[in-house]
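Please treat every number below as a calculation from the coordinates, not as lab data. What you see is a predicted model; the values in this text were computed from it and never measured. Glycine gets a Cβ as well: all are built from the backbone with ideal geometry, and neighbour counts include every protein chain shown.
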Amino acid sequence: MNLPPKESNRVRSPAMSSDSMNELAFYTLAGAPDRTSDLIDEVRSAEAMGIGGCFVSERLNVKEAATVCGAVGAASERIGIATAATNHNTRHPMVTAAHAMTMHHLTGGRYSLGLGRGIERVSKAFGLGAITTAQMEDFVGLMRRVWAGEVVIGHDGPAGRYPVLAMRGIEPAHIPMTLTAFGPNSLSLAGRCFDAVVLHTFFTDETTVRSVAAAKAAAEQVGRDPDHVRVWSCFATIGDHLPAALRLKKTVGRMATYLQAYGDLLVRTNDWDPAVLERFRRDPFVNGFDGALDHSATTAELEHVATLIPDEWLASAATGTPAQCVKAIHGQFELGCDGVILHGASPSELELIVAEYRRTRPVGVFDHLAANPGGLPEGLTS
């Protein structure tokens, strides 16, 4: 592990490796894993392949983000790590601040705290209420102040009321923060005060271009360098070397689950036909299905669901041969993204694609990127 030297408390950025492709990342424990411990082999394989970043999604079952992040940090040496995402209102601010600072020290500066809005109906069911833009912006400010060593007294803002927030015995640190963003308010927030933004899966090319521009423009409007806000494409990467039934689950099943959870938002964002979404919802099988389709539906059931989803809704993905997948990945950079998360597949499932990408990777273009998914370009400190 990249631990700081004993004679100093200063956390140093991990050295760049010519083998690390910091513009590429993956999600560990994609979907619903059988064993949380599978992440150890995944992370080690990803590092060996040269994948530069590891993103951690949170499910409140066996994928609690803080625990998973600690395991990723312990199992790795140079890979960047980010939550994408956890929610700011599920932990006390000091618990979250301490988690991030601990990860910062554990990994030698490779960690980015990533937040998101979550699913409103789930939050309300847990008694947490909907997350607002104002809450997240206020929370970012609190984290920055606490990590800087400030004693925050009598805070009363959108993120909550706190008599005292303080972190004793630390050296001030800038810990990058990442936002999983969907709509215009979130993208603007990302540009104003986050270090990186993760777009949603199955964004059309037009939506991706618009989203990148929105985040970068918001950064410029508040006097920030737009190049210091890294935009990650979350790009479904499902090669045809995988079994057909698995490809169906990772494409049709995943899209169907998004439509179950927040179909109106996805359809509105991509300017798709809402009548198609209504037909999907009214389908007797879909309407009566209990649970997430990508987790519980059989292959035969997903084959039926596939008849309800237009091919063009699934087109924004890397599919086909390794060469075809890599061409699509390069396309995300051409749309303005700074990084691509190879979404929905494990490192072993990505091996052929990553090897082909390395073969065609442009020389020197991404050498400035830090391992930390929200980190500043190499050599910059603020």
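Here is how the numbers come out for the structure above:
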| quantity | calculated |
| --- | --- |
| Total charge dipole magnitude, segment 241-319, about the Cα centre, Cβ charges on Lys, Arg, Asp, Glu only, Debye to nearest 20 | 200 |
| Projected label distance in nm at ARG168 and ARG268, using a 7 Å step from Cα toward the beta-carbon | 4.8 |
| Percentage relative contact order, segment 110-240, counting C-alpha pairs under 8 Å, at least six apart | 20 |
| Anchor LYS327: aspartates and glutamates whose Cα lies under 13 Å away (excluding residues fewer than 8 positions away in-chain) | GLU356 |
| Contour excess over end-to-end distance, with Cα ends at HIS368 and ASP225 and 0.36 nm allotted per residue | 50.0 nm |
| Two-site FRET efficiency, ASP311 against GLU77, from Cβ-Cβ distance with R₀ of 45 Å, rounded to 0.05 | 0.60 |
| Helix-only CD estimate at 222 nm, as mean residue ellipticity for the chain, using -39500 (n - 2.57) per DSSP H run (n ≥ 4) | -12500 deg cm²/dmol |
| At R0 = 22 Å, FRET efficiency that the Cβ-Cβ distance of THR299 and LEU242 yields, to 0.05 | 0.95 |
| Debye equation applied to the C-alpha atoms of segment 319-382, log10 I(q)/I(0) at 0.14, 0.18, 0.21, 0.29 Å⁻¹ | -0.47, -0.75, -0.97, -1.37 |
| Environment charge at ASP283 (Cβ cut-off 14 Å; Lys +1, Arg +1, Asp -1, Glu -1) | 0 |
| Relative contact order for the chain, counting Cα pairs under 8 Å that sit 6 or more residues apart, in percent | 20 |
| Efficiency of FRET between THR360 and PHE285 - r from beta-carbon atoms, R0 51 angstrom, step 0.05 | 0.75 |
| Along principal axes, Cα extents of segment 181-226, largest first, whole Å | 30, 15, 14 |
| Cα coordinate range in the chain, projected on the principal axes (Å, largest first) | 60, 47, 41 |
